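**Student:** My questions will all concern the structure given below.
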Amino acid sequence: MKTIRLKAGKERSLLRHHPWVFDGAIDRGRADPGETVRVESAEGRFLAWGAYAPSSKIRVRVWSFDEAERIDAEFFERRVRAALGLRDRLAIDSDGVRLVHGESDGLPGLVVDRYGDTLVAQFGSSGAERHKALIADALLRVTGLRRLYERSDASVRQLEGLPPATGWLRGDGPTECVIHENGWRLSLDVAEGHKTGYYLDQRDSRRACAELTRRFGWGDVLNCYSYTGGFTVAALAGGARHVTSIDSSGPALERARRNVALNGFDAARCTFLDADVNASLRAFWAEGRRFDAIVLDPPKLAPSAAHLERAARAYKDVNRLGFKLLQPGGVLFTYSCSGAVGVELFQKIVASAAHEAGVEATILARHGGAPDHPTGLAFPEGEYLKGLVVWRRP
Ligand code: SAH
């Protein structure tokens, strides 16, 4: 077993069970990609077992803080079982569920989603990559399922020095799935979609959108960054008269159309725009168009803290346009999935957007990732999705 010795004083975050060791904290020791290492303090005290990543700034990701624990097949089965045990108790109204959410489930770099009888995994760290076969076996054993598709094509793999890898790891068959979320049917393709095919983290926000559509009785809803139409279906299910969906991805919109049909809604109640959101919102403003409710769920505009200033401006710009297009008494559902933009900063951005748009507004609800995307208390970096439901006072 190889040992990684930290520099003096660099053990503090590990003692608080934060799961990362940065390259700068290491005094000596090295290992192969994904190899299990013993991390110890400058005084030689045991701190953690972790996976070594030679080319990543996050040089070690911790598997366990328990010196007696062995990182073997049973270890992965225990962690997967614990993660699934939690999901079983969350009463999730869907068969599309995030089963493993990386560090926050004690499995750094590993993301596993279930879509009906299909599992999709992202091996985003050298450690997860090295133990891929053990992890795949544990997933099938614990879930009783037979199909596991690999979607290890996220950009984090590059930081770990790992090439992209996609395809069936276990089982095979069609990559298209239909899930049942909040009583709706939604199709997705695990081989082609964003993430593992679908944005499971917004499940509860979509349900809230359907409920508020029903209670407010909205006529015209605008869904910006619609992807495959999750919020579009939600608003239609809530009784919206017409929903306009904007996305810059043609294939995503094609699927959104199919998802509307899959739920039996009349296509005449929908408009799909393959366009840039900013440009579309400006055009709507010029045309004098207004909406009863608007969803703004942009992609991650701040990939890291270094992009914060530019991202904050981008969030403010699109939110200002959103507020301007809202009817008095209308509601804005606005989100940010940038981890670098905290809850407080996001609220400030949205507040200044409202101010610049000249509207008075009130927060009706705060949204976050669905509960199958938990955040480890010792791992605040895991927190990323935040949303505000804001009412434009008449
Ligand atoms: N709300 C969706 C998820 C949105 S993901 C859901 O519930 O499933 C963000 C989407 O923004 C992606 O589909 C991406 O194609 C789209 N997108 C990114 N930049 C865009 C732009 N400038 N204009 C329009 N759409 C954009």
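The values are calculated or read from the model by the stated rules, or taken from the named source; none is laboratory data. Computed from a predicted model, the values in this text were never measured in an experiment. No Cβ is skipped: glycine too gets one built from the backbone with ideal geometry, and neighbour counts run over all protein chains shown.
Rundown of residues vs (1) crowded, with 22+ Cβ neighbours inside 10 Å; (2) in contact with a His (Cβ under 9 Å, 6 or more places away or on another chain); (3) closer than 30 Å to residue 52 by Cα, yes/no style:
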| residue | (1), (2), (3) |
| --- | --- |
| 158 | no, no, yes |
| 186 | yes, yes, no |
| 191 | no, no, yes |
| 195 | no, no, yes |
| 204 | no, yes, no |
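**Student:** Which one is modelled with the lowest pLDDT among residues in region 268-307 that are surrounded by 13 or more Cβ atoms within 10 Å (Cβ to Cβ), more than 14 Å from the ligand (Cβ to nearest atom) and assigned to a helix (DSSP H, G or I)?
**Tutor:** Among those that are surrounded by 13 or more Cβ atoms within 10 Å (Cβ to Cβ), more than 14 Å from the ligand (Cβ to nearest atom) and assigned to a helix (DSSP H, G or I), it is 307.
**Student:** OK, next. May I ask you to list the residues in region 33-63 that are of a type in the set (Asp, Glu) and in contact with a helix residue (DSSP H, G or I) (Cβ under 8 Å, 6 or more places away or on another chain)?
**Tutor:** 35
**Student:** Report, by residue number, each residue of region 240-262 that is more than 18 Å from residue 281 (Cα to Cα), crowded, with 16+ Cβ neighbours inside 10 Å and over 24 Å from the mean Cα position of the chain (by Cα).
**Tutor:** 240, 262
**Student:** Kindly check whether there is at least one residue in region 137-151 that is farther than 23 Å from residue 299 by Cα and among the aromatic types (Phe, Trp, Tyr).
**Tutor:** yes
**Student:** Name the residue, out of 197, 193, 173, that is at pLDDT 95 or above, among the small types (Gly, Ala, Ser), within 13 Å of the ligand (Cβ to nearest atom) and assigned to a loop (DSSP other than H, G, I, E, B).
**Tutor:** 197
**Student:** If you take just the strands (runs of 3 or more DSSP E) that sit entirely in region 1-108, which of them hold at least 1 residues that are touching a residue at least 24 places away in the same chain (Cβ under 8 Å) and closer than 30 Å to residue 183 by Cα?
**Tutor:** Details: elements: 2-6, 20-22, 26-28, 36-40, 46-52, 58-64, 96-101.
In region 1-108, the matching strands (runs of 3 or more DSSP E) lie at 96-101.
**Student:** Then there is this: Starting from region 265-280, take each residue that is within 16 Å of residue 239 (Cα to Cα) and list its partners that are within 12 Å of the ligand (Cβ to nearest atom) and not in a strand (DSSP E or B), counting only C-beta distances under 7 angstrom and pairs at least six apart or across chains.
**Tutor:** 270/232
**Student:** Could you say which residue among 302, 293, 311, 286 is over 21 Å from the mean Cα position of the chain (by Cα) and closer than 30 Å to residue 340 by Cβ?
**Tutor:** Result: 293 is the single residue among 302, 293, 311, 286 that is over 21 Å from the mean Cα position of the chain (by Cα) and closer than 30 Å to residue 340 by Cβ.
**Student:** Which ones in region 362-385 are touching a residue at least 12 places away in the same chain (Cβ under 8 Å) and in a helix (DSSP H, G or I)?
**Tutor:** At the first step, the residues of region 362-385 found to be touching a residue at least 12 places away in the same chain (Cβ under 8 Å) are 362-376, 378-379, 381-385.
Those that are touching a residue at least 12 places away in the same chain (Cβ under 8 Å) and in a helix (DSSP H, G or I): 381, 382.
**Student:** Can you find a residue that is within 27 Å of residue 83 (Cβ to Cβ), surrounded by fewer than 21 Cβ atoms within 10 Å (Cβ to Cβ) and away from the ligand (no atom under 16 Å from the Cβ) anywhere in region 315-335?
**Tutor:** no
**Student:** Quick one: which of 128, 138, 154 is aliphatic (A, V, I, L, M), under 20 Å from residue 54 (Cβ atoms) and assigned to a helix (DSSP H, G or I)?
**Tutor:** 128
**Student:** Could you please tell me which pairs satisfy a Cβ distance under 6 Å, a separation of 6+ or placement on different chains, a first residue in region 143-172 that is touching a residue at least 60 places away in the same chain (Cβ under 8 Å) and closer than 26 Å to residue 304 by Cα, and a second residue that is of a type in the set (Ser, Thr, Tyr) and in a loop (DSSP other than H, G, I, E, B)?
**Tutor:** Taking only residues 6 or more apart or on different chains, the pairs are 159/56; 160/56; 160/125; 161/55.
**Student:** Being modelled with pLDDT of 95 or more, over 15 Å from the mean Cα position of the chain (by Cα) and at positive phi narrows it down to one residue among 116, 109, 85, 102; which is it?
**Tutor:** Numbers: 109 fails: over 15 Å from the mean Cα position of the chain (by Cα); 85 fails: at positive phi; 102 fails: over 15 Å from the mean Cα position of the chain (by Cα).
Just one listed residue meets the conditions, 116.
**Student:** Just to check your reading of the model, which residue among 265, 231 is within 12 Å of the ligand (Cβ to nearest atom), under 20 Å from residue 186 (Cβ atoms) and either in a loop (DSSP other than H, G, I, E, B) or in contact with a Lys or Arg (Cβ under 7 Å, 6 or more places away or on another chain) (or both)? Talk me through it step by step, then tell me what you get.
**Tutor:** Details: 265 fails: within 12 Å of the ligand (Cβ to nearest atom).
After ruling out the rest, the residue left standing is 231.
**Student:** Which members of region 114-142 meet the condition of being aliphatic (A, V, I, L, M) and either buried (at least 18 other Cβ atoms within 10 Å of the Cβ) or in contact (Cβ under 8 Å) with a residue 12 or more places away in the chain (or both)?
**Tutor:** Hits for region 114-142 are 119, 120, 121, 128, 134, 135, 136, 138, 139, 140, 142.
**Student:** Also: Looking at the structure I just gave you, is residue 223 near the ligand (Cβ under 9 Å from one of its atoms), in contact with a Ser or Thr (Cβ under 9 Å, 6 or more places away or on another chain) and among the polar types (S, T, N, Q)?
**Tutor:** Criteria met by residue 223.
**Student:** Further question on the same structure: Yes or no: region 343-364 includes at least one residue that is out of contact with any strand residue (DSSP E or B) (no Cβ under 8 Å at 6 or more places or on another chain) and within 14 Å of the ligand (Cβ to nearest atom).
**Tutor:** no
**Student:** Return the residues of region 201-220 that are within 15 Å of the ligand (Cβ to nearest atom) and under 18 Å from residue 368 (Cα atoms); say none if nothing qualifies.
**Tutor:** 201, 202, 203, 204, 205, 206, 207, 208, 209, 210
**Student:** Right, another one. Checking the conditions here, which among 318, 359, 350 is assigned to a helix (DSSP H, G or I), of a type in the set (Val, Ile, Thr) and touching a Pro at 6+ places or on another chain (Cβ under 9 Å)?
**Tutor:** Result: 318 is the single residue among 318, 359, 350 that is assigned to a helix (DSSP H, G or I), of a type in the set (Val, Ile, Thr) and touching a Pro at 6+ places or on another chain (Cβ under 9 Å).
**Student:** Would you be able to say whether some residue in region 234-244 is within 25 Å of residue 290 (Cα to Cα) and within 12 Å of the ligand (Cβ to nearest atom)? I'd like the intermediate steps shown before the answer.
**Tutor:** So the first thing to find is which residues in region 234-244 are within 25 Å of residue 290 (Cα to Cα), and the list is 234-244.
After this cut, where a residue has to be within 12 Å of the ligand (Cβ to nearest atom) as well, the list is 234-235.
Yes, the conditions are met somewhere in region 234-244.
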